[in-house]
Amino acid sequence: MSENYPSTTAHQPRLQTPLGRVRQNGSAKSGTHHWWMQRVTSIALLPLMLWFIIGIASHAGAPYEEIARWVGRPFNAVLMLLLIGIGFYHTAGGLQVVIEDYIRPERSAMVAGLLIRGACWVFGLLCALSVLRLAVAG
Amino acid sequence: MAENHHDAREATMVGRRTDGTLVRRPLSPHLQVYDMLQMTSATSIMHRITGSAWSVGLVFFVWWIVALASGPAAYANVQWFMGSFIGVILLFGLSAAIWYHTLAGVRHLYWDAGYGYDIPTTYRTGWAVIIGTGVLTVLTWVVVAIAWAS
């Protein structure tokens, strides 16, 4: 680090480049991304979960054909796809924080986080394909 | 600090005093020092537990929707399990977990907006979450029972 750069203390010169300072590219630009996305997805999930719980509870004990037709209707299928996509995103983000808090060492937390993210993609796509099949083929 | 060299997150626990000398930052109070039956800590840990429970419950959601797309034979297995004693207990637990996580989530959004941090309000919203979970879970199963009977 050059002695010409401004520093916070005499012992700790800034690691940020002067250009980065001018552009205000601090960590805050993406540092709150994970936190913010958990809030955005939670707000989106509120009406979706209400719709899903009421929809499923009111179809309790219904025969196969009736449920398959209900999920396959265009409006319901779109809401189901949104619920699946946003729901798995929220789940992956939530579990990531739990893993980061409780799993040591860092290497294991990283592996567990990647496995969770992979599982969410596989299960999410499985669910989405199933809804599309009910909507298109049914 | 040498014993923690394998974990990069430990780097954030090390700071400097104004004179430049190294200092190990104090850790915030941990699980051991909290009374876990206090409203504040109990509702917090329950939010995490119900969120994790919902993650496990998602596996049953996947089974349900994949079986529905696969056909009546595969769906009959799901119907058999969900109608069994263990299946109903599981669904009841999941519905309570979902309602708790939803209501506690709204409480968190309320906090995020900057409201309700004083102790009396924290206790009021905490009780609202707990009682709301009970009421909405029972209400959900009333709807299930009516749909089942008709």
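The values are calculated or read from the model by the stated rules, or taken from the named source; none is laboratory data. Worth saying up front: this structure is predicted, and the values here are computed from it rather than measured. Positions of Cβ are generated from backbone atoms using ideal geometry, with glycine treated the same way; all protein chains shown enter the neighbour counts. Side chains are part of the model used for accessible areas, which takes the heavy atoms of the whole protein and leaves out ligands, DNA and RNA. Shrake-Rupley method; radii C 1.70, N 1.55, O 1.52, S 1.80 Å.
Things to note:
- Answer residue from segment B:62-74, given it is more than 7 Å from every other protein chain (Cβ to nearest Cβ) and assigned to a helix (DSSP H, G or I) and is most open to solvent (accessible area, probe 1.4 Å) among those: B:Trp63
- Looking across segment A:82-138, the residues that are within 26 Å of B:Thr12 (Cα to Cα), more than 7 Å from every other protein chain (Cβ to nearest Cβ) and under 12 Å from the mean Cα position of the chain (by Cα) come down to A:Ala92, A:Gly93, A:Gln96, A:Val97, A:Ile116, A:Arg117.
- For B:Val23, the conditions (1) buried (at least 16 other Cβ atoms within 10 Å of the Cβ); (2) in a strand (DSSP E or B); (3) not aromatic (Phe, Trp, Tyr) all hold with the exception of (1).
- Qualifying residue in segment B:118-127 (condition: without any contact (Cβ under 8 Å) to a residue 24 or more places away in the chain, within 13 Å of B:Thr40 (Cα to Cα) and touching a helix residue (DSSP H, G or I) at 6+ places or on another chain (Cβ under 9 Å)): yes
- Residue pairs whose Cβ atoms lie under 6 Å apart, sitting 6 or more positions apart in sequence or on different chains, and linking a residue in segment A:46-60 that is within 7 Å of chain B (Cβ to nearest Cβ) and farther than 16 Å from B:Tyr100 by Cα to a partner that is aliphatic (A, V, I, L, M) and surrounded by 18 or more Cβ atoms within 10 Å (Cβ to Cβ), are A:Ala57/B:Val144; A:His59/A:Ile67; A:Ala60/B:Val144.
- Segment A:1-85 holds helices (runs of 4 or more DSSP H) entirely within its bounds, and those carrying 2 or more residues that are open to solvent by 60 Å² or more (accessible area, probe 1.4 Å), closer than 22 Å to B:Trp141 by Cα and at pLDDT 90 or above map to A:33-57.
- B:Asn77 passes every criterion in (1) more than 9 Å from chain A (Cβ to nearest Cβ); (2) surrounded by 14 or more Cβ atoms within 10 Å (Cβ to Cβ); (3) not basic (Lys, Arg) apart from (2).
- Unmet requirement for B:Gly105, which otherwise passes all of (1) over 18 Å from A:Leu46 (Cα atoms); (2) touching a residue at least 24 places away in the same chain (Cβ under 8 Å): (1)
- Between B:Ala145, B:Ala97, B:Ala104, the distinction of being surrounded by fewer than 17 Cβ atoms within 10 Å (Cβ to Cβ) and in a helix (DSSP H, G or I) belongs to B:Ala145 only.
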